[in-house]
1. Give the residue, chosen from Ser148, Ser144, that is open to solvent by less than 50 Å² (accessible area, probe 1.4 Å) and touching a residue at least 24 places away in the same chain (Cβ under 8 Å).
2. Mind listing whichever residues of region 154-174 are open to solvent by less than 60 Å² (accessible area, probe 1.4 Å), more than 13 Å from Gly126 (Cα to Cα) and not in a loop (DSSP other than H, G, I, E, B)?
3. Which count do you get for residues in region 175-207 that are crowded, with 20+ Cβ neighbours inside 10 Å and in a helix (DSSP H, G or I)?
4. Select from region 95-133 the residues that are small (Gly, Ala, Ser) and under 13 Å from the mean Cα position of the chain (by Cα) and list them in ascending order.
5. Residue by residue through region 159-217, note down the ones that are over 20 Å from the mean Cα position of the chain (by Cα), under 27 Å from Pro84 (Cβ atoms) and among the hydroxyl-bearing types (Ser, Thr, Tyr).
6. Looking at region 18-76 only, could you name the residues that are loosely packed, with under 15 Cβ neighbours inside 10 Å and among the aliphatic types (A, V, I, L, M)?
7. Would you be able to say whether some residue in region 138-156 is closer than 19 Å to Leu65 by Cβ and in contact with a helix residue (DSSP H, G or I) (Cβ under 9 Å, 6 or more places away or on another chain)?
8. Out of curiosity, is Val197 touching a residue at least 40 places away in the same chain (Cβ under 8 Å), out of contact with any Lys or Arg (no Cβ under 7 Å at 6 or more places or on another chain) and among the β-branched types (Val, Ile, Thr)?
Amino acid sequence: MLKELIILLFGTVIVSAQRRLALPDPRSCASRVRHATYRDARGVTHSYFFSWEHTPTRSLEVDWLDSRNICRRHCMDAVSLETPQENEFVKQRLVRGNVRYIWTSGRKCNFQGCERPDLTPANVNGWFWSGSGAKIGPTTQRNSGDWSQTGGFGQPQPDNREAAQGNDESCLAILNNFYQDGVKWHDVACHHLKPFVCEDSDELLNFVRSRNPGIRL
């Protein structure tokens, strides 16, 4: 089985091509790298890891699920941009690092269990932050997200343009002026390789704490 061996400052993480979510590793969680902490307008504090700012992962690009799993092994998850302020904070970091694109935890609900009326059509009502479970507003309401007005076909995002090739564009990436459109959200097929941003996951941190009394996270 194909494996990516990623050597991080705080240890060794193996992410395989196996298509399932990883469980957190207590030792990796305790020694996770955090590059920045941000307090949003709701008073919620977030800590982040930026793959391009960490020497061992500076050139690392992975697919969407592997980006989540690397984060999850460290009690984090791919970033969920739930407020405009948090979105701008991450975008500024992207620009400062001259990074062309990144993965977020954004996902289109186009799999089994997504047949609910409030999630259809999927390309309009089915987008959500998989890292937190929060729903993203309808893509027809342009002020409810940061979707680009253009893409590879010159159409507003999300446009699912790779669907004709058999690749559903069901993952959400931020592209840095890739189509001369500024730093904006784009729907992208999940197999593409990109840098990534991790964000502390309260769910995973609490999971590890509950099973490892006294652990310092």
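The values are calculated or read from the model by the stated rules, or taken from the named source; none is laboratory data. In this text the structure is predicted, and so the values were computed from the model without any measurement. No Cβ is skipped: glycine too gets one built from the backbone with ideal geometry, and neighbour counts run over all protein chains shown. Areas reflect the complete protein model, heavy atoms only, side chains present, ligands, DNA and RNA absent. Shrake-Rupley method; radii C 1.70, N 1.55, O 1.52, S 1.80 Å.
1. Within the list Ser148, Ser144, the selection yields Ser148.
2. Correct list: Glu162, Ala163, Ala173, Ile174.
3. 1
4. Those that are small (Gly, Ala, Ser) and under 13 Å from the mean Cα position of the chain (by Cα): Ser105, Gly106, Ser130, Gly131, Ser132, Gly133.
5. Tyr179
6. Leu21, Leu23, Ala36, Ala41, Val44
7. Among the residues of region 138-156, not one is closer than 19 Å to Leu65 by Cβ and in contact with a helix residue (DSSP H, G or I) (Cβ under 9 Å, 6 or more places away or on another chain), which makes the answer no.
8. Numbers: touching a residue at least 40 places away in the same chain (Cβ under 8 Å): yes; out of contact with any Lys or Arg (no Cβ under 7 Å at 6 or more places or on another chain): yes; among the β-branched types (Val, Ile, Thr): yes.
Yes, satisfied.
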